[in-house]
Amino acid sequence: MAASRTVEKVSEIVIDPKPGGSRAVFLVETRNSEETREVMNFFSDISDYLQVLPMSKGSLLSFAVQVQEGDQKMLDEIRAKLASRYGFVALHRSFDALIYNILTELCNDTGSKLLPVPKCDICGKVDPFPETIVNLAGEDGTPVASRKYCSTCTAQHSATNNKDFVISLLSADRKDFSRLAQRKLIRTPTRKQRIKFKIEPQAA
Ligand SMILES: [Zn+2]
């Protein structure tokens, strides 16, 4: 859909800031479908305590995780637990282009399938845990678009107030929502950490 048509439908903008942290990637090679199921269940269980994003499926399983800054001990514990049971376990203590390239190659070699990982809608960088998510919704709250921005782009577009911040992000977005900058945004109260704006209807 053309960005201009999308923009016309938007009557609500919600900024959803996500908690940051240290990223890491676990790679686990399994020998059979039972082991695959076990590993998937293991990561599903720990997603109660930390953020987890599965990045591949097949005999090579990989998961991006995000823990609170400095919580490296937890990563070591997870690795030890996996290593005691499975033949090949690797822990990469960041998420970067290098590990993503390695993962892509290993998936090719093992016939495993890469799963979609979110990309920043400004710089295009692959980012499993975007720092800012901006949801655009229509009149009745129906989702129109959900845009994701990495921590670098979030920092680059920081502003003295939330209205300037969100307009700056949306104007830099690859889909170009800069037309929203001409509209009047009205802050409306929300629960939690979300920041919500209503767009004043345009005079016909
Ligand atoms: Zn970015």
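Checking I186 against (1) assigned to a strand (DSSP E or B); (2) within 15 Å of the ligand (Cβ to nearest atom); (3) modelled with pLDDT under 95: exactly one of these is not met. Which one? Unmet condition: (2).
Restricting the first member to the stretch 105-125 and to residues that are farther than 18 Å from S168 by Cα and in contact (Cβ under 8 Å) with a residue 60 or more places away in the chain, and the second to residues that are part of a loop (DSSP other than H, G, I, E, B) and among the small types (G, A, S), the beta-carbon pairs closer than 7 Å and six or more apart or on different chains are T110/G58; T110/S59. When S168 is tested against (1) outside any helix (DSSP H, G or I); (2) free of Cβ contacts under 8 Å to residues at least 40 places away in the same chain, only condition (1) is not met.
Within the stretch 126-141, the set of residues being in a loop (DSSP other than H, G, I, E, B) and without any contact (Cβ under 8 Å) to a residue 40 or more places away in the chain comprises D127, D140. For the stretch 126-165, a residue qualifies if it is within 16 Å of the ligand (Cβ to nearest atom), touching a Lys or Arg at 6+ places or on another chain (Cβ under 9 Å) and either over 23 Å from L114 (Cα atoms) or of a type outside the set (D, E) (or both), and the qualifying residues are V126, P128, F129, P130, T132, I133, V134, R147, K148, C150, T152, C153. Condition test on K175, is it in a loop (DSSP other than H, G, I, E, B) and at pLDDT below 90? Considered against the rule, which asks whether it is in a loop (DSSP other than H, G, I, E, B) and at pLDDT below 90, K175 comes out as no. In this entry, A172 passes the filter for residues that are surrounded by 11 or more Cβ atoms within 10 Å (Cβ to Cβ), within 23 Å of the chain's Cα centre (by Cα) and of a type outside the set (D, E).
The one condition from (1) in contact with a strand residue (DSSP E or B) (Cβ under 6 Å, 6 or more places away or on another chain); (2) part of a loop (DSSP other than H, G, I, E, B) that K198 does not meet is (2).
The values are calculated or read from the model by the stated rules, or taken from the named source; none is laboratory data. None of these values were measured; they are calculated from a predicted model. Cβ coordinates were reconstructed from backbone atoms using ideal geometry, including for glycine residues, and neighbour counts include every protein chain displayed.
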